[in-house]
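Right, one structure below, let's go through it.
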Amino acid sequence: MKPDTSGHVAAFFAQAAEICATIDQAAIERIAQGIARVRADGGRLFILGVGGSAGNAGHAVNDFRKLCDVEAYAPTDNVSELTARTNDEGWETVFAAWLKTSRANEKDGVLVFSVGGGNAERNVSMNLVHALDEAKRRGLQIFGVVGRDGGHTAKMADAAVIVPTVAANHVTPHTEAFQAVVWHCLVSHPTLQQQATTW
């Protein structure tokens, strides 16, 4: 195997170390306390993401349910409903419609995983924008793990972690990687974890 002579690997991990050193730990703590309140109130946690963040959402649902006894759902895990709503009503409203049908209320919370966080001005990830507006109307707590300036998620959130931008060309991979770091921090947080992991 040839060594990486471009320096990419070393640079990528140096950037990750810089993110670890500068990420807003207080925001992560606020999310932990907020999700604990959702659980204590008998509420549900709706985890929203698209693309790679949708994959993260499905994994996080498992961890919050299994390790933390938090009733959690990711709309993207139900591909039949997701595609039916997209086909019949449009992609922009799929998450907002999920919240409406779930009768989401002030006991519940929304956790957004996104690189941009949704941006109405640029017409990007409007499904997240509409979902967050619906969540705010219904009184849900809003949390996020996002990149860059956090977009609509950061504006609407009760607590949001904005993954620091340390390399403009690696915003997406670092943000999606640190979504996993943050949610694993949360599900192992003493305030939230109820069941031990096997390993």
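Things worth noting here:
- Some residue of the stretch 8-27 being of a type in the set (D, E, K, R) and under 15 Å from PRO164 (Cβ atoms): yes
- The set of residues in the stretch 145-177 being closer than 15 Å to GLY52 by Cα and of a type in the set (Gly, Ala, Ser) consists of GLY147, ALA177.
- Test: ALA60 is within 26 Å of VAL181 (Cα to Cα) and part of a helix (DSSP H, G or I): yes
- Candidate set from the stretch 146-172 (those that are in a helix (DSSP H, G or I) and in contact (Cβ under 8 Å) with a residue 60 or more places away in the chain); member that is farthest from TRP98 (Cα to Cα): HIS170
- Answer residue from the stretch 1-41, given it is in contact (Cβ under 8 Å) with a residue 40 or more places away in the chain and of a type in the set (Val, Ile, Thr) and is nearest to VAL171 (Cα to Cα) among those: ILE19
- Of all residue pairs spaced 6 or more apart or on separate chains, those with beta-carbon atoms under 6 Å, a first member in the stretch 59-70 that is surrounded by fewer than 17 Cβ atoms within 10 Å (Cβ to Cβ) and a second member that is not in a helix (DSSP H, G or I) are ARG65/ALA72; ASP69/GLN194.
Conditions tested, residue by residue: (1) free of Cβ contacts under 8 Å to residues at least 24 places away in the same chain; (2) over 15 Å from the mean Cα position of the chain (by Cα); (3) in a helix (DSSP H, G or I); (4) over 16 Å from ARG30 (Cβ atoms).
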| position | (1), (2), (3), (4) |
| --- | --- |
| GLY116 | no, no, no, yes |
| GLU121 | yes, yes, no, yes |
| GLU134 | no, yes, yes, yes |
| GLY144 | no, no, no, no |
| GLN193 | no, yes, no, yes |
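- Every residue from the stretch 49-59 that is among the small types (Gly, Ala, Ser) and out of contact with any strand residue (DSSP E or B) (no Cβ under 7 Å at 6 or more places or on another chain): GLY51, GLY52, ALA54, GLY55, GLY58
- VAL61 vs. criteria under 14 Å from LEU186 (Cβ atoms), at pLDDT 95 or above, β-branched (Val, Ile, Thr) and within 16 Å of the chain's Cα centre (by Cα): yes
- Residues that are out of contact with any strand residue (DSSP E or B) (no Cβ under 9 Å at 6 or more places or on another chain) and not aliphatic (A, V, I, L, M), drawn from the stretch 30-48: ASP41
- Flag if THR165 is surrounded by 24 or more Cβ atoms within 10 Å (Cβ to Cβ) and hydroxyl-bearing (Ser, Thr, Tyr): no
- Matching residues, the stretch 71-84, being surrounded by fewer than 18 Cβ atoms within 10 Å (Cβ to Cβ) and assigned to a strand (DSSP E or B): GLU71
The values are calculated or read from the model by the stated rules, or taken from the named source; none is laboratory data. As the structure is a computational prediction, the values presented were derived from the model and not from experiment. Reconstructed Cβ throughout: ideal geometry from the backbone, glycine too, with neighbour counts over all protein chains shown.
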